[in-house]
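Engineer: This structure is in structure tokens; I'll ask about it shortly.
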Amino acid sequence: MALISIKNLSIGYQTKGGLLKAVDNISFEIEQGRPLGLVGESGCGKTTIGMTLMGLLPDNARILSGSIDFQNHDLTQLGEDQWRKIRGKDIAMIFQAAMNALNPVMRVDEQVIEAIVTHKPGISPGDLDKRVKELFDLVEIPRIRMKDYPHEYSGGMKQRVIIAMALACNPQLIIADEPTTALDVIVQDQILQEIRSLQMIMDTGLIFISHDIAVVASVCRDICVMYGGQIVEMGTREEVFGTPCHPYTKTLLGSYLSLNNEWKVIIPTMRKAPDLTLKSGCCRFAVNCKICSNAGTSGIPSWINISKTHRALCCSEGIIRKKK
Amino acid sequence: MNMVKNSSLIQMKGVTKEYIPRKWFFSKDQSRVVALNEVDLSIKKGEIFGLVGQSGSGKTTLGRLLVRLEEPTSGSISLKGSLINTLKGPSLKDFRSKVQMIFQDPYQSLNPHLSIAQTIGEPLVVQGIGNTRQRRSKVLHTLEIVGLSPGQDFYDRYPHQLSGGQRQRVAIARAIVLEPEFIVADEPTSMLDATIAIQLFTLLLQIRETFNMTILFITHNLAAANYLCDRIGVIHEGCIVEVNTAKKIIGDPVHPYTKKLIRVQPCFDFNRG
Ligand SMILES: Nc1ncnc2c1ncn2[C@@H]1O[C@H](COP(=O)(O)OP(=O)(O)OP(=O)(O)O)[C@@H](O)[C@H]1O
Ligand SMILES: Nc1ncnc2c1ncn2[C@@H]1O[C@H](COP(=O)(O)OP(=O)(O)OP(=O)(O)O)[C@@H](O)[C@H]1O
Ligand SMILES: [Mg+2]
Ligand SMILES: [Mg+2]
């Protein structure tokens, strides 16, 4: 059975310019021990989904429709009291750029201690001390620097503390929002390995959010690609990254820089940002889509099944045959 | 005046920066952090210079020193031949208009109380450029340039109403709005997906072309440095251990640390053409 299952979820932000549907009718499930990667364009709604699963949407946000089933509860219906019991304990999140959430006037180790004690008030001083050191070792911060203040750390070190804090209570579902963005590649490599092995040992559910396809591919077996609030393609990583079908996925892969492809990368022309005020169900990518502009399609996409596990949301059936 | 073409714009000589953490227990010598150690570096006018290195190696510190947000413990830094740490009054204001920094973490560097319009427009106001209407159109134009389009949709928002990558682009917009001569770009695209990052690289290359702008590009991403930079410097524990053309650094690295850096670059291969 799925650990968490999200059905037809839509989320809107009320702004001066009207209601922005930052998440439009998305559905997916997470199995224990089967990490799901969310990739997509900057601003496509990844963090919004994470915040919804933590019950932390800002005041101007509203769940427009859909359900989130987790342990026989529909999370969209919970009140703040119930959220407080789940948040941080059953579902934990490594927040995007959370290093500035560290308290500047509190020593780093004290902040990790706080994360543990909040959910385990009865822990003995000995166990607590052991756990804190364990966590620092895990994220490879020298113990001699445990008592520093956050400003004495580099960006990367702060991010490692944040990861330690999210792991503190052995949660069932971890949402990792760009957890390695601030890290250099060497440490990123170690942390990704750490996340993979922890994931196996603890058998948790993991939603791994990143803009970097290589990072996502190294951790997740299942991939959802998002564009403008919609999931536009999903499947195993081999399917989605090996035989991408949606035009956005293709652009994303084609513009990925690596050490030996600088002559081959595709530089997309500065495209129009997706219009989040569009009616639900309309293709958000259509303004930039070659297929649509050539064929004059309806602009109302539907799911096209490519395999049992691989599907894409598109207005044109042709995308299946056009794969490269 | 610039006498020689290709002359160096920025020069660091023997620059050391130490931090002495305030500790409540007996401070031993070893607790002092040497963030930069006797760094010599010169960046040419119109050059895009990449600085790569591990977390904590001193990249941001170096950048902050160059835009004079901090003073070196010892050594000297000059811009076009004149020492920057003696600048005062009008010449300091002039320096501030010519030199900009894109900060590493837009969650921290953007003032939450300023709207996007105010954030990007502030340097224009400080430097007394244009009237209200001209500034507005300049800000809107800059928003479009960094891909926050239509600009009106973002103009009146506040940082917390933007996604991570959108904030990062506001930080870039703020740094380029004055068309400075020199930009320190500290991980400017760390939060951006490949499609947007590469568009912004193209933008930086265009700006360099048009204004002969000089850029210090700080990054963890060697592939990006390789794409964008003329030369790359590798920094390790506060020392610059290798400087060379981008091609040489990637194709024929010398220092063991550089080799390691190249080895662990995330690669992406699902048998695509
Ligand atoms: N409080 C808010 N009010 C209005 N709009 C918002 C608010 N928060 C986010 N948005 C908008 O909702 C969209 C989705 O934002 P979200 O932060 O979920 O993106 P993301 O996928 O996490 O992007 P990134 O990779 O850049 O962090 C964006 O267009 C953003 O501008
Ligand atoms: N204000 C400060 N007080 C004490 N130590 C500091 C201070 N600022 C930086 N340091 C230390 O100086 C060293 C270099 O830090 P810096 O931020 O320059 O690294 P970086 O290369 O930019 O790392 P990252 O890639 O993680 O951003 C680190 O060990 C850091 O802890
Ligand atoms: Mg985000
Ligand atoms: Mg830094």
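Engineer: Between a first residue in region B:81-94 that is under 17 Å from B:Phe182 (Cα atoms) and a second residue that is open to solvent by less than 60 Å² (accessible area, probe 1.4 Å) and part of a helix (DSSP H, G or I), which pairs have beta carbons less than 7 Å apart while being 6 or more apart in sequence or on different chains?
Structural biologist: B:Ile84/B:Phe95; B:Leu87/B:Phe95
Engineer: Quick one: would you say B:Val52 is part of a strand (DSSP E or B), away from chain A (no Cβ under 14 Å) and of a type outside the set (Ser, Thr, Tyr)? Full working, then the answer.
Structural biologist: On the way: part of a strand (DSSP E or B): yes; away from chain A (no Cβ under 14 Å): no; of a type outside the set (Ser, Thr, Tyr): yes.
No; evaluated as a whole, the condition is false for this residue.
Engineer: Which members of region A:50-63 meet the condition of being in contact (Cβ under 8 Å) with a residue 60 or more places away in the chain and either within 18 Å of A:Arg284 (Cβ to Cβ) or touching a Leu at 6+ places or on another chain (Cβ under 8 Å) (or both)? Even if it seems obvious, please write down each step before you answer.
Structural biologist: Of region A:50-63, the ones in contact (Cβ under 8 Å) with a residue 60 or more places away in the chain are A:50, A:53-54.
Within region A:50-63, A:Leu53 is the sole residue that qualifies.
Engineer: Could you list all residues from region A:93-109 that are assigned to a helix (DSSP H, G or I) and under 26 Å from A:Met51 (Cβ atoms)? Working first, answer last.
Structural biologist: Taking region A:93-109 and keeping what is assigned to a helix (DSSP H, G or I), we get A:98-101, A:108-109.
Matches in region A:93-109: A:Ala98, A:Met99, A:Asn100, A:Ala101, A:Val108.
Engineer: Within region B:124-152, how many residues are of a type in the set (Gly, Ala, Ser), surrounded by fewer than 18 Cβ atoms within 10 Å (Cβ to Cβ) and not in a loop (DSSP other than H, G, I, E, B)? Steps first, please.
Structural biologist: Start the filter on region B:124-152 by keeping residues that are of a type in the set (Gly, Ala, Ser), which leaves B:128, B:130, B:137, B:147, B:149, B:151.
Okay, now just the ones that are also surrounded by fewer than 18 Cβ atoms within 10 Å (Cβ to Cβ), so B:128, B:130, B:137, B:149.
Subsequent filtering for residues that are not in a loop (DSSP other than H, G, I, E, B) retains B:137.
Residues in region B:124-152 being of a type in the set (Gly, Ala, Ser), surrounded by fewer than 18 Cβ atoms within 10 Å (Cβ to Cβ) and not in a loop (DSSP other than H, G, I, E, B): 1 in total.
Engineer: Would you call B:Glu71 over 23 Å from A:Asn100 (Cβ atoms), of a type in the set (Asp, Glu), free of Cβ contacts under 8 Å to residues at least 24 places away in the same chain and away from ligand 2 (no atom under 16 Å from the Cβ)?
Structural biologist: Values: over 23 Å from A:Asn100 (Cβ atoms): yes; of a type in the set (Asp, Glu): yes; free of Cβ contacts under 8 Å to residues at least 24 places away in the same chain: yes; away from ligand 2 (no atom under 16 Å from the Cβ): no.
Spelling it out, it is not the case that B:Glu71 is over 23 Å from A:Asn100 (Cβ atoms), of a type in the set (Asp, Glu), free of Cβ contacts under 8 Å to residues at least 24 places away in the same chain and away from ligand 2 (no atom under 16 Å from the Cβ).
Engineer: Based on this model, can you work out whether B:Gly121 counts as more than 30 Å from B:Ala35 (Cα to Cα), crowded, with 21+ Cβ neighbours inside 10 Å, away from chain A (no Cβ under 14 Å) and not hydrophobic (A, V, I, L, M, F, W, C)?
Structural biologist: Working: more than 30 Å from B:Ala35 (Cα to Cα): yes; crowded, with 21+ Cβ neighbours inside 10 Å: yes; away from chain A (no Cβ under 14 Å): yes; not hydrophobic (A, V, I, L, M, F, W, C): yes.
So B:Gly121 passes the test.
Engineer: Oh, and also: How many residues does region A:21-34 hold that are open to solvent by 10 Å² or more (accessible area, probe 1.4 Å), more than 14 Å from chain B (Cβ to nearest Cβ) and either farther than 26 Å from B:Gln161 by Cα or within 13 Å of ligand 1 (Cβ to nearest atom) (or both)?
Structural biologist: 5
Engineer: Residues of region B:31-60 being within 12 Å of ligand 2 (Cβ to nearest atom) and open to solvent by less than 20 Å² (accessible area, probe 1.4 Å), which ones? Quick ask: steps written out before the conclusion?
Structural biologist: So in region B:31-60, the residues within 12 Å of ligand 2 (Cβ to nearest atom) come out as B:31-37, B:39, B:51-60.
B:Ala35, B:Leu36, B:Val39, B:Leu51, B:Val52, B:Gly53, B:Ser57, B:Gly58, B:Lys59, listed by residue number.
Engineer: Okay, next question. What are the pairs with Cβ atoms under 6 angstrom where one residue, in region A:237-254, is without any contact (Cβ under 8 Å) to a residue 60 or more places away in the chain and the other, located anywhere, is surrounded by 23 or more Cβ atoms within 10 Å (Cβ to Cβ) and assigned to a loop (DSSP other than H, G, I, E, B)? Sequence gap at least six, or different chains.
Structural biologist: A:Leu253/A:Pro244
Engineer: From B:Phe103, B:Phe95, which residue is crowded, with 16+ Cβ neighbours inside 10 Å and under 25 Å from B:Ile198 (Cα atoms)?
Structural biologist: Within the list B:Phe103, B:Phe95, the selection yields B:Phe103.
Engineer: Another one. Of the numbered conditions (1) out of contact with any Asp or Glu (no Cβ under 8 Å at 6 or more places or on another chain); (2) away from chain A (no Cβ under 14 Å); (3) modelled with pLDDT of 95 or more, B:Ile215 fails exactly one; give the number of that condition.
Structural biologist: In the conditions (1) out of contact with any Asp or Glu (no Cβ under 8 Å at 6 or more places or on another chain); (2) away from chain A (no Cβ under 14 Å); (3) modelled with pLDDT of 95 or more, B:Ile215 misses (1) alone.
Engineer: For region A:220-242, what are the residues that are in a loop (DSSP other than H, G, I, E, B) and over 21 Å from A:Ala286 (Cα atoms)?
Structural biologist: Going residue by residue through region A:220-242, those that are in a loop (DSSP other than H, G, I, E, B) are A:220-221, A:228-229.
The answer is A:Cys220, A:Arg221.
Engineer: Tell me the residue from A:Asp109, A:Asp127, A:Asp148 that is away from chain B (no Cβ under 14 Å) and either of a type in the set (S, T, N, Q) or away from ligand 3 (no atom under 16 Å from the Cβ) (or both), please.
Structural biologist: On the way: A:Asp109 fails: away from chain B (no Cβ under 14 Å); A:Asp148 fails: away from chain B (no Cβ under 14 Å).
So the residue among A:Asp109, A:Asp127, A:Asp148 that is away from chain B (no Cβ under 14 Å) and either of a type in the set (S, T, N, Q) or away from ligand 3 (no atom under 16 Å from the Cβ) (or both) is A:Asp127.
Engineer: Give me a count of the residues in region A:16-71 that are more than 18 Å from the chain's Cα centre (by Cα), of a type in the set (S, T, N, Q) and not in a loop (DSSP other than H, G, I, E, B).
Structural biologist: Number satisfying all stated conditions: 2.
Engineer: OK, next. Under 7 Å between Cβ atoms, at least 6 apart or on separate chains: pull out the pairs that start in region B:104-132 with a residue that is within 16 Å of ligand 4 (Cβ to nearest atom) and end on any residue that is charged (D, E, K, R) and assigned to a helix (DSSP H, G or I).
Structural biologist: From residues that are within 16 Å of ligand 4 (Cβ to nearest atom), the pairs are B:Pro106/B:Arg167; B:Tyr107/B:Arg167.
Engineer: Looking only at residues in region A:75-100 that are among the small types (Gly, Ala, Ser) and modelled with pLDDT of 90 or more, which one is surrounded by the most Cβ atoms within 10 Å (Cβ to Cβ)?
Structural biologist: Quick first cut of region A:75-100, residues among the small types (Gly, Ala, Ser) only: A:79, A:88, A:92, A:97-98.
Then drop every residue that is not modelled with pLDDT of 90 or more, which leaves A:79, A:92.
Working: A:Gly79: 8, A:Ala92: 25.
By that ranking, first place goes to A:Ala92.
The values are calculated or read from the model by the stated rules, or taken from the named source; none is laboratory data. In this text, all values refer to a predicted model and were calculated from it rather than measured experimentally. Glycine gets a Cβ as well: all are built from the backbone with ideal geometry, and neighbour counts include every protein chain shown. The accessibility values were calculated without ligands, DNA or RNA, using every heavy atom of the protein model including side chains. Shrake-Rupley method; radii C 1.70, N 1.55, O 1.52, S 1.80 Å.
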